[in-house]
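See structure below.
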């Protein structure tokens, strides 16, 4: 996020959307003028594969042939309302396990045989996962490269989120000189320690919305452009839908791995941070993606408003500190010495390390160069961070609900925004409910000074009938 505004030169008024809609007289086949408008204004970004020269099933969707198909593909690709983010972890369920994208993988195999190449550098690289949230069924797609050591497969998972740019998922994987890899070929390096998942992004790479060999623009020609304006008019922000997808991936992986680690660069770093606050992975590395200065930085706020439905308005530095104080996730924040002005101001003033001082599981490293993931030795330090909150929160179905162990005098249960219809019960070892009640928004305080020291069970129950039990320790 901190560097995105360096690529976006000026604002384009929302009236562009109404002009565009009035431009189209029919939702049927494109007229000559509409086709020219598509070519010159909307579909101007490059695709990840030049499919006329390399035929095959490289893309999930066919090229749009009408106005109605354009809107159908957009609505299908970005189905979630902004407010669905806050309860996403609890609401997401799964219809299947991972399964191979056999159509795309077969196309890659054919390409590799025909051109004696090794595109994507591994066999059957793309897998899919069906999930459902609030009656909406979706499928996410990720790149998977398994650990080099077979004994490590299924033990540690690394989820990589890419930064700003076009088709950066494929570029980061196949190009050691891509800006993500300047300091360390991160995807390849992490396979020494576990299985690596690289997230795909709606309207990028194989998920592109296409017309006449070009991709629907996400950033250009002006900011905000047609796609951003349309999605924001529906309150289906582009970045919110990406966050929900990654939350679904992290939730699924936590069922199968002893550790799930999330790493992101630039806008991907910001996304890695927000995903982790809402899903509690084992550890998270945020590279060039966050500073406490973002709270008041005009460029960061503009990007936040257009891409992320104003998430930054909630995830302020004060809110983050509260989350960090109660979170089991280990964090490493990194910045490059020759990055953007806001990064340099962060490094010079040490604003974030000073603000989050005293949180031993939140680390900082500002010792390297280049807008990239940090060098491999710094990634090593991330891999070897030790947990520092031994009795902290385990993951509830709604993981943003937090409490602190051990408890003294007062049990505080923190809810995410918009959470509702939750009740709690505190049960002693004899099976007797000693405290109970409804949970309200934000923080809930329950006095426990009248209870004896010992182990209790905290039961959280939702109106839907779902519930979970977690152990708490009271020491008054």
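Each reported figure results from applying straightforward, stated rules to the coordinates on display, with no laboratory input. No experiment lies behind these values; they were computed from the predicted model shown. Because the Cβ atoms are built from the backbone with ideal geometry, glycine has one as well, and the counts that use them run over all protein chains shown.
Can you classify region 216-345 as rounded, prolate or oblate using the Cα gyration tensor, where a ≥ b ≥ c are the square roots of its eigenvalues, rounded means a/c under 1.5, and otherwise it's prolate if a/b beats b/c and oblate if not? Display every interim value, and only then the final one.
On the way: a/c = 1.80, a/b = 1.26, b/c = 1.42.
It is oblate, given that a/c is not under 1.5 and a/b is not larger than b/c.
Using only Cα atoms, tell me the angle between helix 298-307 and the longest principal axis of the chain; keep it within 0 to 90° and round to the nearest 10.
Helix 298-307 sits roughly 80 degrees off the main axis of the chain.
Under a crude label model (7 Å from the Cα following the beta-carbon direction), how far is residue 174 from residue 50 in nanometres?
1.2
Shape of region 199-253 from its Cα gyration tensor (a ≥ b ≥ c, root eigenvalues): rounded if a/c is under 1.5, otherwise prolate when a/b > b/c, or oblate? Write out the running numbers ahead of the final one.
On the way: a/c = 2.91, a/b = 1.43, b/c = 2.03.
Taking the square roots of the gyration eigenvalues as a ≥ b ≥ c, region 199-253 is oblate.
In whole angstrom, how far apart do the alpha carbon centroids of region 291-308 and region 96-111 sit?
38
Round to a whole angstrom and tell me the spacing of the C-alpha centers of region 356-375 and region 218-271.
Region 356-375 and region 218-271 have Cα centres separated by 22 Å.
Just to be sure I understand the model, the point goes 7 Å from the Cα along the line to the Cβ. What's the resulting residue 121 to residue 376 distance in nm?
In this crude spin-label approximation the distance works out to 1.1 nm.
Taking neighbour counts of Cβ atoms within 10 Å as a proxy for exposure, in what order, fewest first, do 127, 142 appear? Each step should come with its number before you reach the end.
Numbers: 127 17, 142 23.
Going from sparsest to densest Cβ surroundings: 127, 142.
I need the calculated FRET efficiency for the pair residue 95 and residue 351, taking r as the beta carbon distance and R₀ as 56 Å, to the nearest 0.05. Before the final figure, lay out the partial values.
Values: r = 44 Å, r/R0 = 0.79.
Given R0 = 56 Å and the Cβ-Cβ separation, E is 0.80.
Compute the distribution of all C-alpha to C-alpha distances in region 66-205, in bins of 10 Å from 0, and list the percent of pairs in each, rounded to whole numbers.
10, 33, 37, 17, 2, 0
How much of the DSSP bridge set in the chain is antiparallel, in percent, rounded to the nearest 5? Each step should come with its number before you reach the end.
Values: 47 of 74 bridges.
Antiparallel bridges: around 65 percent, rounded to the nearest 5.
Which value in deg cm²/dmol, rounded to the nearest 500, describes the helix-derived mean residue ellipticity at 222 nm for the chain, given -39,500 (n - 2.57) per DSSP H run of n ≥ 4 and division by the residue count?
Details: 16 runs with 140 residues, N = 476.
Calculated from helices alone, the mean residue ellipticity at 222 nm is -8000 deg cm²/dmol.
Order 220-228, 132-140 from most to least packed using the mean count of other Cβ atoms within 10 Å. Provide the component values of the computation, followed by the final result.
On the way: 220-228: 19.1, 132-140: 14.3.
Listed from highest to lowest mean packing, they are 220-228, 132-140.
Taking neighbour Cβ counts within 10 Å as the exposure measure, how do 34, 297 sort from fewest upward? Intermediate values should be presented prior to the final figure.
Numbers: 34 17, 297 20.
Ordered from fewest to most neighbouring Cβ atoms within 10 Å, 34, 297 come out as 34, 297.
Taking only C-alpha pairs under 8 Å that are 6+ residues apart, what is the relative contact order of the chain in percent? Don't skip to the end; give the middle numbers.
Details: 923 pairs, mean separation 73.1, N = 476.
Relative contact order here is 15 percent.
Between helix 238-254 and the chain, what is the angle of the helix's C-alpha long axis to the longest principal axis, kept within 0 to 90° and rounded to the nearest 10?
Helix 238-254 and the main axis of the chain meet at about 60 degrees.
Take peptides 108-115, 57-64, 85-92 and line them up by average Cβ neighbours within 10 Å, highest first, as a rough protection proxy. Don't jump to the answer; show the numbers that get you there.
Values: 108-115: 14.0, 57-64: 17.2, 85-92: 22.5.
In decreasing order of mean packing, 108-115, 57-64, 85-92 become 85-92, 57-64, 108-115.
Could you tell me how many degrees, from 0 to 90 and to the nearest 10, lie between the Cα long axis of helix 317-326 and the main elongation axis, the longest principal axis, of the Cα atoms of the chain?
Approximately 50 degrees, to the nearest 10.
Could you work out Rg/(2.2 N^0.38 Å) for the chain, with Rg from alpha carbons only? Mind showing how you got there, number by number?
Numbers: Rg = 23.2 Å, N = 476, 2.2 N^0.38 = 22.9 Å.
Here the Cα radius of gyration is 1.01 times the empirical estimate.
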